[in-house]
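Structure first, then comments.
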Amino acid sequence: MSKQVPIVDYLVLDGDQPHLEANACAECGALYFDRRNACARCGAQSFERRALAGSGTVRAFTIVHRAAPGVKTPYVSAVVDLDGGGVVKSNLVDVEPDPEQIALGMPVQMVTYVAGTDDEGTEAIAFGYAPADASHPENGA
Amino acid sequence: MTVSDTVWIIGASMTKFGRYPDKDVVDLGSEAALAALADSGKTIFDMDLMAVGNLYEANGMVGQRIQKQIGQTGIPCYNTANACATGASAVRIAHTAIKAGEARMAIAVGVEQMGKSGLLGGAGRAKGDRKVFEPSGRYGAVMSPEGVLGTGIMPGVFAQAGMEYARQHDGVGFEQFARVAEKNHKHSVLNPLAQYQKEFSLEQIMGAEVVAYPNTLLMCCPTGDGAAAVVLASDEVVRQLDPDQRRRAVKISASVLTSDPWTESAQVQPDVNTLTRQAADQAYEQAGVDPQDLDLVELHDCFATAELLHYDNLRLCEPGGAGEFIDSGGPWRDGRIPVNVSGGLISKGHPLGATGVANLYEVTTHLRGEAGDRQIEGAKVGLTHVIGLGSACAVHILEKPAA
Ligand SMILES: [Zn+2]
């Protein structure tokens with residue numbers, strides 16, 4: 001099996017249990033995906049890693065038809081409210097890029113897939129969200 | 001110098017927005033500055049401060065380069081960059097200096113030359129480079145997340161913001177968003193300073209190429225070039241103006257700038273609502289004006305979806321009622337609160353740094369009764385709004401003084 005790396009460091013591949021991990025403020029619980037200097041909500045400076053749920057609902061979406069060169073279109077971008085807390089943005093997968101086929105508020109489940117391969121054969125693993133009924137709970141990277 | 005309770009606009013100008021391949025930012029900025037000074041009856045030699053907003057050459061001392069064309073007097077010159085609130089931020093600097101008594105008169109200029117560059121960003125690495133995944137940046141990304149982990153560029157961000165509103169409120173969808181563009185294109189026909197002056201039917205707008213659903217090409221602002229300027233003055237200066245000039249002075253009843261307060265979802269998708277609401281509420285309180293008192297509003301319709309949200313954020317409609325507001329014709333020039341009678345960013349154009357000054361020019365011109373064919377009759381109170389993603393939001397309320 002070729003070597004795999006996550007596309008961003010808040011995606012934890014963890015064998016067959018890929019999930020997102022956030023920096024959670026130790027004081028107020030605010031969640032962040034980026035490297036932190038302090039909490040923008042309360043000012044605290046200590047954080048703990050928190051695993052987030054793979055399931056959630058679509059808070060907003062757009063179907064992108066025009067993009068920078070090299071970006072494949074059309075694709076569906078969505079903001080997802082995760083069950084148990086956290087908001088994340090990614091592509092919707094396994095859906096037609098058609099506004100009639102996507103419902104605001106619809107339940108979705110995180111899936112992972114190979115987004116690219118570098119010149120050493122290493123695969124970059126990305127995550128997206130599929131309609132909950134169409135997703136595969138055992139889907140691994 | 002003494003502290004000034006009120007700050008006034010005594011001169012205002014804008015260039016026609018469009019494309020000026022034979023000019024540079026200094027030409028455009030100088031043109032707007034000289035026209036605003038001429039309009040005020042003052043000269044650059046009367047100014048105590050200059051503030052210049054520009055984004056594309058933000059490290060290029062644009063303000064001082066304009067001074068070198070129109071008058072070098074040694075006054076403090078500030079160059080500002082604050083995304084699409086860049087021009088309005090320059091105005092805020094001039095405003096606070098007069099209010100504090102550090103300046104009696106000041107000029108604020110917003111200028112941008114964008115050419116035909118889009119807002120979509122450039123291509124990735126050059127072909128031929130060896131590609132090895134290495135985590136970089138604050139998210140440890142090994143490749144560009146754009147188009148893989150959703151979208152983070154303007155058309156998609158504002159499309160998602162619109163869809164979030166559509167989820168929260170009934171009666172809001174593609175057609176309501178498209179109607180915003182129908183209105184602004186129609187309004188622009190009366191504005192000779194607009195980059196485009198072309199009417200489109202709702203069918204043409206909804207049937208145009210989709211950029212980021214629900215925004216089609218005719219629901220997105222164009223790129224372009226242009227400049228605008230205002231001359232601000234203290235109470236003392238205005239009292240001493242000759243009567244014909246004093247009659248044309250417009251009072252700045254509120255001047256507010258906000259940034260993003262913390263909200264959960266804004267960590268992944270810019271929240272254009274909360275800081276706009278806070279700016280509007282502060283402005284209404286500062287001015288002692290109720291939203292229902294407004295005779296016209298120039299707001300930041302970078303995309304049609306954005307304008308609809310701001311009806312609600314600026315309290316122009318009932319909470320949650322933005323869909324009903326556009327459906328009922330409320331923001332049309334003959335409606336309850338005319339919005340973007342200039343044509344808005346969608347049709348008037350959006351040279352980034354100029355926008356937040358040009359909307360002050362527009363409202364000032366109506367309050368003076370000098371807006372020609374597009375004049376809103378009897379306009380006495382107007383509001384301007386800009387938002388730069390990242391984010392910065394400016395709201396100004398202007399009033400025609402009692403005669
Ligand atoms: Zn905190």
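Among the residues of the stretch A:58-73, which ones are polar (S, T, N, Q) and buried (at least 19 other Cβ atoms within 10 Å of the Cβ)? So that I can check it myself, show each step before the final result.
Just the residues of the stretch A:58-73 that are polar (S, T, N, Q), to begin with: A:62, A:73.
Within the stretch A:58-73, A:T62 is the sole residue that qualifies.
Would it be correct to say that B:A266 is free of Cβ contacts under 8 Å to residues at least 12 places away in the same chain and not in a strand (DSSP E or B)? Walk me through how you get there before you give the answer.
On the way: free of Cβ contacts under 8 Å to residues at least 12 places away in the same chain: yes; not in a strand (DSSP E or B): yes.
Criteria met by B:A266.
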query: Which residues, counting only those in the stretch B:226-250, are buried (at least 20 other Cβ atoms within 10 Å of the Cβ) and either part of a strand (DSSP E or B) or of a type outside the set (V, I, T) (or both)?
result: B:G226, B:A227, B:A228, B:A229, B:V230, B:V231, B:L232, B:A233, B:S234, B:R248, B:A249, B:V250
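Identify the residue in the stretch B:352-367 that is among the hydroxyl-bearing types (S, T, Y) and farther than 15 Å from B:G378 by Cβ and, among all such residues, is surrounded by the most Cβ atoms within 10 Å (Cβ to Cβ). Outline the logic, then answer.
Going through the stretch B:352-367, the residues among the hydroxyl-bearing types (S, T, Y) turn out to be B:355, B:361, B:364-365.
After this cut, where a residue has to be farther than 15 Å from B:G378 by Cβ as well, the list is B:355, B:361, B:364.
Numbers: B:T355: 31, B:Y361: 26, B:T364: 26.
Here the residue is B:T355.
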statement: The one condition A:A67 fails out of (1) within 20 Å of B:Y165 (Cα to Cα); (2) facing chain B (nearest Cβ under 9 Å) is (1)
- line: Taking first residues from the stretch A:20-32 that are more than 10 Å from chain B (Cβ to nearest Cβ) and second residues anywhere that are basic (K, R) and more than 8 Å from the ligand (Cβ to nearest atom), the pairs with Cβ under 6 Å that are 6 or more apart or on different chains are A:E21/A:R49; A:N23/A:R36; A:A24/A:R50
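FYI, it's all coordinate maths here, none of it is from the lab. The structure presented is a predicted model; accordingly, all values stated were derived computationally and were not measured. So basically every Cβ, Gly included, is an ideal-geometry build from the backbone, and we count neighbours across all protein chains shown.
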